[in-house]
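A.B. asks: Before we start, here is the structure in question, set down as structure tokens.
The values are calculated or read from the model by the stated rules, or taken from the named source; none is laboratory data. Treat the numbers as computed from the prediction; the structure is a model and nothing was measured. Cβ coordinates were reconstructed from backbone atoms using ideal geometry, including for glycine residues, and neighbour counts include every protein chain displayed.
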Amino acid sequence: MLIKLTKISFTTVGHPSRVDRVLQDPIWVNTSHIITMSLKLGPESCPDLTEIVIGHDPEWTVFNVLETPEQIIERIKATQS
């Protein structure tokens, strides 16, 4: 099953780097390909992120989303019922 999440990425400028822009894009994730989810401390403008590792032969993909692991688990449960 697919679930919709909000992928987040940042553009930084300067030294020391500071966040210039926050980019949010909707993405669809196949729940059977999720290997791990872990909380990650983001920059000041977006402190709480979830890092997701997606595994599908031949490579793994790592990205950050705004949803918490608990929210992702609830979405997975909703698709299974």
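A.B. asks: Residue check, residue 43 against (1) part of a loop (DSSP other than H, G, I, E, B); (2) within 12 Å of the chain's Cα centre (by Cα), all met but one. Which one?
C.D. replies: Failing condition for residue 43: (2).
A.B. asks: Separate question: Going by the conditions given, is residue 29 farther than 20 Å from residue 71 by Cβ and surrounded by 14 or more Cβ atoms within 10 Å (Cβ to Cβ)?
C.D. replies: no
A.B. asks: I've got another one for you. Filter the stretch 46-55 down to residues that are in contact (Cβ under 8 Å) with a residue 12 or more places away in the chain and within 21 Å of residue 11 (Cβ to Cβ) and give me whichever is farthest from the chain's Cα centre (by Cα).
C.D. replies: 46
A.B. asks: Then there's this: What about residue 18, is it surrounded by 12 or more Cβ atoms within 10 Å (Cβ to Cβ) and modelled with pLDDT of 90 or more?
C.D. replies: The answer is no for residue 18.
A.B. asks: Quick one: would you say residue 26 is not in a strand (DSSP E or B) and not polar (S, T, N, Q)?
C.D. replies: It is false that residue 26 is not in a strand (DSSP E or B) and not polar (S, T, N, Q).
A.B. asks: So, in the stretch 40-66, how many residues would count as being more than 16 Å from residue 7 (Cβ to Cβ) and either surrounded by 13 or more Cβ atoms within 10 Å (Cβ to Cβ) or touching a helix residue (DSSP H, G or I) at 6+ places or on another chain (Cβ under 7 Å) (or both)?
C.D. replies: Of the residues in the stretch 40-66, 2 are more than 16 Å from residue 7 (Cβ to Cβ) and either surrounded by 13 or more Cβ atoms within 10 Å (Cβ to Cβ) or touching a helix residue (DSSP H, G or I) at 6+ places or on another chain (Cβ under 7 Å) (or both).
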